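Participant: One structure coming up, written as structure tokens, with questions to follow.
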Amino acid sequence: MTTQTDQSQVKAGQIILSIDAMGGDQGPAAVVAGCDDAARQAPGISFILHGPSAVLTPLVAKRKALAGRCVVRDAVDVVTMDDKPSQVVRNSTGTSMWSAIEAVREGEAAAAVSCGNTGALMALSMIRLRRLPGVKRPAIAVLYPSANPQGFNVLLDVGADVRADADDLLRFALMGMSYARNGLGLPRPRVGLLNVGTEEHKGRTELKEAFDLIRDQSDSAGFEFAGFVEGGDISGDICDVIVTDGFTGNVAIKTGEGTASLVGIRLREAFKFSPLSRLASLLAYTSLRRLRKKIDPRRVNGGVFLGLNGTVVKSHGSADSTGVSAAIRLAARLAEIQFTDKLAARVAALPMEEPSS
């Protein structure tokens, strides 16, 4: 049973974030440490932490930055990574994940953050928060390191739903464009549609249909349509937003993570190869640190659930305190600019596709 504690210790006028403290692979200590780090960097945010109070209260007490800025809400049950979304939906009311989403639904918090089971989080978010008018399928958007001046591209969908027809892809384009405009400060984002080639005759039927739909909306919606783009353009500078279905997008980000990890391993091996290479690594230490910071996935940790009546940020399950802090600060920025309201206005202007007879 979830119980509520007194919220008087949260300062008035701050952005309150609802945090599922129990979903990450590294446990609640990493989540609380991430809250502490975010609190130090962003003094305008406070937290409602959801999980067993017997576990969380001692962890919070050790963090000076959380004093007067954190409420622990007791929720004894936990959604595990192995739980099926359908099971979670039926038996979730006592879990920290459910409690975290419910705080957003009730207007107590401006956004929710969880490191937990992605499928379960999306299922609960859709049921409790509902979809925005004009959205048939929500999408998960991530910031992908790129060669663009802003340093990142928006990639969506990366796993909310493996299916997507032409109308879904159009709505993904509008949501991704809104995210790039409001989250990255790009007044006229460039939107590309991921395909197996850039030629207009290539790809599945739904991609060709989506090409026409997105192109026709570009002028009225205020974005540039870059047409079809390929996998190599995800980290390139041809466009700012890459639109695809959840299956392809999820494979793309997992491939990118694996490639980055392999490059790091091979670099360490190369620098340990000989005394001369070890000396070279010392001489290149500053440059290597700068490179590592630019491509560190923890700095952009956080997939945003787009298309819901509320802001939900999904942190990577293996995130450490640095990654959790990044996800929390992303949620705070989106809450501060009232991103959900802006997104709702964007997609509501687009009529829903009539069901086929």
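Rule-based calculations on the coordinates, nothing more; no lab input. No experiment lies behind these values; they were computed from the predicted model shown. All Cβ positions, glycine included, derive from the backbone under ideal geometry; neighbour counts span all protein chains shown.
Participant: Rounded to the nearest 500 deg cm²/dmol, what is the calculated helix-only ellipticity per residue at 222 nm for the chain, with -39500 (n - 2.57) per DSSP H run of length n ≥ 4?
Facilitator: The helix contribution divided over the chain gives -14000 deg cm²/dmol.
Participant: Which residue, chosen from VAL304, TYR144, ALA280, occupies the Cα position most advanced towards the positive end of the dipole of region 136-304, where the dipole is computed from +1 (Lys, Arg) and -1 (Asp, Glu) charges on Cβ about the Cα centre?
Facilitator: ALA280
Participant: Within the chain, which whole H helices from DSSP have a Cα span along their axis of at least 20 Å and a mean Kyte-Doolittle hydropathy of 0.0 or more, if any?
Facilitator: For the chain, where a helix must reach 20 Å along its axis and average at least 0.0, the hits are 27-41, 166-183, 246-271, 321-336.
Participant: Moving on. Roughly how many debye, to the nearest 20, is the charge dipole of the chain about its Cα centre, given +1 on each Lys and Arg Cβ, -1 on each Asp and Glu Cβ, and no other charges?
Facilitator: Approximately 1480 debye in magnitude.
Participant: Okay, moving on. Taking the mean number of other Cβ atoms within 10 Å as a proxy for protection, how do you rank 56-69, 35-48, 95-108 from highest to lowest? Show your work: numbers first, answer last.
Facilitator: Numbers: 56-69: 15.9, 35-48: 20.2, 95-108: 23.0.
Put in order of decreasing packing, that is 95-108, 35-48, 56-69.
Participant: Using Cβ contacts closer than 10 Å as the measure, can you line up ASP216, ASP74 from fewest to most?
Facilitator: In increasing order of surrounding Cβ atoms, one gets ASP216, ASP74.
Participant: Non-local amide H neighbours of GLY192 (under 5 Å, H modeled in plane, Pro and chain starts lacking H): which ones?
Facilitator: ALA226, ASP240, VAL241, ILE242, VAL243
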